[in-house]
Amino acid sequence: MTHYNRRAVLAGGGAFLAAQLTGCAQTSMVHNAGRLRETRIGGMPITLTAQERPLTLPGASGSTPLWLYGEGLFPVYRLHLGESIDATLVNRLKEHTSVHWHGVRGPNAMDGVPYVTQMPVQPGESFAYRFTPPDPGTFFFHPHCNTVEQLGRGLVGILIVDDEAGGFDDDVVFVLKDWRVDDNGGFLPFITAEGAGRGGTFGTLRTVNGQAAPEVAVPANANIRVRLLNVDATRVSEIGVQGAEARVIAIDGNGFDGFVLDTWRFGPAMRLDLELRTPSEGGKVVLTDYFAQEPVTLATLVATGSAPPSRGTAAVLTPPRLAAADMAKAEMHELKLSASAKASEYPNLPPIVLPDGRKIDLLDSLCSTTRTLWAIDGTPWPQNGHQHLPPPLMTLARGTTVRLRLTNTTPHVHPMHVHGHTFKVLSASKLKRPEHWADTVLVLPEERVEIAFVADNPGNWMIHCHIIEHQDTGMMGWFRVV
Ligand code: C2O
Ligand code: CU
């Protein structure tokens, strides 16, 4: 592994673009600078109105026609474990959409996958998502159709389910997302043939909370929690922290007793919760991406105020209450991640039954672009010409422990995400990782990663790459829990 000069990074931390998004009210008070606006929903109904809202991104000379769920970028909704969500999606876009609650082990009917768990929400229509998240943690939500454009334009929100393990002196949310924009703020094509067929098409503007390397004030000498979310469609970062020792206390929202962060390979859709002790007044803690040759400063925490700390001990989060895997009886499945030679035909398939009982056998669109480049187990998610879902990759009896080997036969990394279930990452042939719970796992080029979970959530669930161009060009499938 390359050695970086961390001191040099810290020393260079003075010049920041305190670029603020204009046109939204998220940062009115000084101590809120760099932070996202948060709403505690506490059982109250909320409305997510998907619509175009132009805002000026940092460094752009003009506004960008973003698609957002609210007034500002990345609305953060918080609730306590046990409280329910009652969120109505109102579609004011010119195309259909839906909301998928990434990482939440909710009921299948609320999973937000068009044609698989619900009919798409057409322009002018609305859909009510009602469920109670079973686990505490850091989650997010996003559309699940034409995602490369809808997510690319900013349609993403954050969901935080608090448990009692809190008690941190501060809790900071950092959302990492790049934008494909030109100097005037106009969007560049979200998908390119070169990108889709390789590692994905990268953004031209990197932001954290919609800002370029924001500085965020935090209490000095305090024990704080930092929640990182990578909602970018493409970029894999290598996260490190300078100026404080950080402990990883949750991965994809799943708390555990933690370990000291060296660096962490952080792909699209992954979340990382850190605990760190802030320095004394004026000290800085720099969040850095070491993936490229030149480290990139993502955000800086600036210790302010001289108030004594309210607590000094390390936090241990409650682990998720997940069914214990019975590895002795586990059913072994292997899924090969590959390039697609050609889309196969799927004749005589039974109709798909939506969770509300409706049957659909003719699909007007399967939410895929016009060609397939990638496949899971030799089956690319079909292109528009196909009228049926492909067969399920696995059919699992409810309660079965599944041991799933993900074998990457391609020269590209794939962050693989499983819907409706939280899995344990058991082993990997390349990138060393401690055993941990997750909903998204990186599978490096030519790597073999083994995960396991108990298939205890009935329904039709997606499994796909979260490099959205790969997903949209075929690297997606589904499995059934009956
Ligand atoms: Cu965050 Cu199916 O995705
Ligand atoms: Cu991929």
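The values are calculated or read from the model by the stated rules, or taken from the named source; none is laboratory data. Small disclaimer: the values here were computed from a predicted structure and weren't measured. Note: ideal-geometry Cβ built from the backbone for every residue, glycine included; neighbour counts use all protein chains shown. Accessible surface is based on the protein model in full, side chains and every heavy atom, while ligands, DNA and RNA are left aside. Shrake-Rupley method; radii C 1.70, N 1.55, O 1.52, S 1.80 Å.
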Ranked packing of 372-381, 57-66, most packed first, by mean Cβ within 10 Å: 372-381, 57-66
Whole-number accessible area per residue in Å² for the stretch 6-304, which is evaluated in the context of all protein chains at 1.4 Å: 34 Å²
Protein accessible area in the stretch 6-304, 1.4 Å probe - carbon and sulfur %: 52 percent
Cα lying deepest toward the dipole's positive end in the stretch 94-217, options Val121, Gly103, Val172, charges on Cβ: Val121
FRET efficiency for Met327 and Glu446, using Cβ-Cβ distance with R0 set to 22 Å, rounded to 0.05: 0.30
Qualifying trypsin sites (Lys or Arg not before Pro) in the stretch 42-96, DSSP loop, other Cβ atoms within 10 Å at most 15: Arg92, Lys94
Linear extension gain, Gln122 paired with Asp163, 0.36 nm per residue minus alpha-carbon span: 11.2 nm
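Under the 0.36 nm per residue contour assumption, what length would be gained going from the current alpha-carbon distance of Phe291 and Arg358 to full extension? Write out the running numbers ahead of the final one.
On the way: separation 67, 0.36 × 67 = 24.12 nm, distance 4.65 nm.
Using 0.36 nm per residue and subtracting the Cα-Cα distance, I get 19.5 nm.
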Bins of 10 Å from zero: percent of alpha-carbon pairs in the stretch 6-304: 6, 28, 37, 23, 6, 0
Label-point gap, in nm, between Arg92 and Gln51 - each point 7 angstrom along Cα→Cβ: 0.1 nm
The stretch 166-238: proportion of alpha-carbon pairs further apart than 16 angstrom, %: 59 percent
Label-point gap, in nm, between Arg398 and Thr204 - each point 7 angstrom along Cα→Cβ: 5.1 nm
Label point distance in nm, Thr263-Glu435, each placed 7 Å from Cα along Cα→Cβ: 2.8 nm
